[in-house]
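*Asks:* Before I ask anything, let me first share the structure, which is written out below as structure tokens.
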Amino acid sequence: MDPTLSWFQPEQEGPAKQLWLRLWQTQQELDTVNLKEGDADQVDSVNNQNQKNLGTMNGKNDKNIMFASRNRKVENRASTRGFYGNPDHYTSQYGGTVWRRRDFIYSKGVVGLHEEIQHFCEYMSPSEVEHRIRGDVIHRIEKIIQSLWPEAKVQVFGSYRTNLYLPTSDIDLVVIGKWTNLPLRTLEKEFLNQDIADANSIKVLDKASVPIVKLTDKKTEVKVDISFNMCNGVKSAELINQYLQEYPALRKLVYVLKQFLLQRDLNEVFTGGISSYSLILMCISFIQLHPRTDARLRTANLGVLLIEFFELYGRKFNYMQTGIRIRDGGRYINKDEMQKDMIDGHRPSLLCIEDPLLPSNDIGRSSYGVLQVKRAFDHAYAILQNAVNPLYPNRHHYSSLGRIICVTDDVVQYRQWVQQEFGPFPGNSPAISPHQYPQITAPVRGPRSLSSSGSTASESAGSSDGSESPLHDISSNNNVHMPHPKKVWCNQAYAKKTRQQPTQLIKRKKVPKNNRID
């Protein structure tokens, strides 16, 4: 008998049934999303991919499992799908590693990686203007909600409350009130009447386990998720703030990992990824149970911690039998032990994370694509292990951190647009020009570059160490708002035609015919 078959129970109740239920629920949610024109064909591709993947769940072809197809249009400026097919499309203007400082000499090995993580967090931290526009979005939405229900209360939770949000992160709001039926459609209609968001940017997920209204603010292009009567969200944010004070390395570790998942479209539970809350709890558990006590200190090497995090959750952690608990100092628990406290006959999920505020709740129960996240972690571990190896030619202008993450031109341009549109740059966040940072800051690995195991990058895409490249396909339908979009588009179009970088284009003078050299 195939040894992988022993992972699953022969009874009807078990992980297989849970997977089927999640796939069915996700399909129901996809059917209720307000799709744009032309998206129907792409949703069909999701269905076909899911049906194709179900054939591999008997353990015969585990390394080709793809839990969720991401061919649907996404509005994620940080996404790097198709990076190796056309890297210039994403990082030609700013180089992808804009956090690196030109006047700073980075050390070799893990020390240099630590320095890069420090600078990455400083660069990606929200500016004063970015924080202020989010406060304005919250104020306008709160005003609309209270005009409909004066007794309702609007509270903020999530990354905005913990100050762990990236430049393109959304805002999480919860509305506390009394309704017989949740007024999701009523709120959607009011947002359209008040011209807060375009019709194609509002999505009502009323069939999800946690019904929410998703929208993109028309004025600032900030994304907002609104839920109802989920009181634990605020308490969870306060709990995270306590751990951020206790573990100084936690904030910067989470920043890098959130960017890592965001650009791979693995940060949404709706598409099978893991939520920010799950990621933070995994980081807390990692630090709590770390064998070295210096991991809890402010002087901890962030490069070492990042590599060890990828090693733990990419290669070492037993997802089949082990759950994560952070309360009472943190420990690993057997899933059978956790099931005793779960209600309604639920079983622990593959990524089993005990809710510290409600022990019977499994935070990772909806992350049905966790094996894809695991493979991404495993691949990142192999990449970074090579990057910090003393034998690796880690030259001064190469980026170790840039081998697994990058900041796309879309993100940089969006931040510039926000600063130019809504306020001046703070003193500690100067405006970025295309020539401020060196263009050759991260080695672009071609399709035949070798990984740590000796296999090529193209081969590893379909192997057990990851079904995707570290920087993968991106939708070409992102709307980039620039002060002069026409000029940018013409510049990029001409660059593509002439196979030149946009920053390298120069205006050539017409040479008189008499002076030409034939």
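*Asks:* Mind checking which residues of the stretch 168-204 are touching a Gly at 6+ places or on another chain (Cβ under 6 Å) and not β-branched (Val, Ile, Thr)?
*Replies:* Residue satisfying the conditions is 172 alone.
*Asks:* Another one. Are any of the residues in the stretch 263-273 on the phi < 0 side of the Ramachandran plot and touching a Cys at 6+ places or on another chain (Cβ under 9 Å)?
*Replies:* Yes, the stretch 263-273 contains at least one residue that is on the phi < 0 side of the Ramachandran plot and touching a Cys at 6+ places or on another chain (Cβ under 9 Å).
*Asks:* Please go through the stretch 179-197 and pick out each residue that is open to solvent by 70 Å² or more (accessible area, probe 1.4 Å) and of a type in the set (Asp, Glu).
*Replies:* Listed by number, the list holds a single entry, 195.
*Asks:* Hey, could you check the stretch 118-150 for residues that are among the charged types (D, E, K, R) and surrounded by fewer than 17 Cβ atoms within 10 Å (Cβ to Cβ) and say which is farthest from residue 405 (Cα to Cα)?
*Replies:* Among those residues, the one meeting the criterion is 143.
*Asks:* Tell me which of these residue 312 doesn't satisfy, since it passes every other one: (1) open to solvent by less than 30 Å² (accessible area, probe 1.4 Å); (2) under 23 Å from residue 356 (Cα atoms); (3) under 21 Å from the mean Cα position of the chain (by Cα).
*Replies:* The single condition residue 312 does not satisfy is (1).
*Asks:* Which condition does residue 277 not pass, out of (1) open to solvent by 40 Å² or more (accessible area, probe 1.4 Å); (2) not in a helix (DSSP H, G or I), if it passes all the others?
*Replies:* (2)
*Asks:* Taking the stretch 198-245 only, how many residues are open to solvent by 50 Å² or more (accessible area, probe 1.4 Å), farther than 20 Å from residue 367 by Cα and of a type in the set (Gly, Ala, Ser)?
*Replies:* 1
*Asks:* While we're here: Check whether at least one residue in the stretch 376-383 is surrounded by 14 or more Cβ atoms within 10 Å (Cβ to Cβ), part of a loop (DSSP other than H, G, I, E, B) and touching a residue at least 24 places away in the same chain (Cβ under 8 Å), and report yes or no.
*Replies:* No, the stretch 376-383 contains no residue that is surrounded by 14 or more Cβ atoms within 10 Å (Cβ to Cβ), part of a loop (DSSP other than H, G, I, E, B) and touching a residue at least 24 places away in the same chain (Cβ under 8 Å).
*Asks:* Anything in the stretch 280-300 that is assigned to a loop (DSSP other than H, G, I, E, B), of a type outside the set (Val, Ile, Thr) and within 14 Å of residue 247 (Cβ to Cβ)? List them, or say none.
*Replies:* Correct list: 289, 290, 292, 297, 298, 300.
*Asks:* Identify the single condition in (1) within 24 Å of residue 354 (Cβ to Cβ); (2) open to solvent by 10 Å² or more (accessible area, probe 1.4 Å); (3) of a type in the set (S, T, N, Q); (4) touching a residue at least 40 places away in the same chain (Cβ under 8 Å) that residue 267 does not satisfy, given that it satisfies every other one.
*Replies:* (4)
Yes/no matrix, rows are residues, columns are (1) charged (D, E, K, R); (2) closer than 24 Å to residue 291 by Cβ; (3) surrounded by fewer than 22 Cβ atoms within 10 Å (Cβ to Cβ):
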position: 323; (1), (2), (3): no, yes, no
position: 326; (1), (2), (3): no, yes, no
position: 332; (1), (2), (3): no, yes, yes
position: 346; (1), (2), (3): no, no, yes
position: 350; (1), (2), (3): no, no, yes
position: 355; (1), (2), (3): yes, no, yes
position: 358; (1), (2), (3): no, no, yes
position: 361; (1), (2), (3): no, no, yes
position: 367; (1), (2), (3): no, no, no
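The values are calculated or read from the model by the stated rules, or taken from the named source; none is laboratory data. Treat the numbers as computed from the prediction; the structure is a model and nothing was measured. Backbone-built Cβ (ideal geometry, glycine too); neighbour counts: all protein chains shown. Protein only, heavy atoms only, side chains kept; ligands, DNA and RNA dropped before computing areas. Shrake-Rupley method; radii C 1.70, N 1.55, O 1.52, S 1.80 Å.
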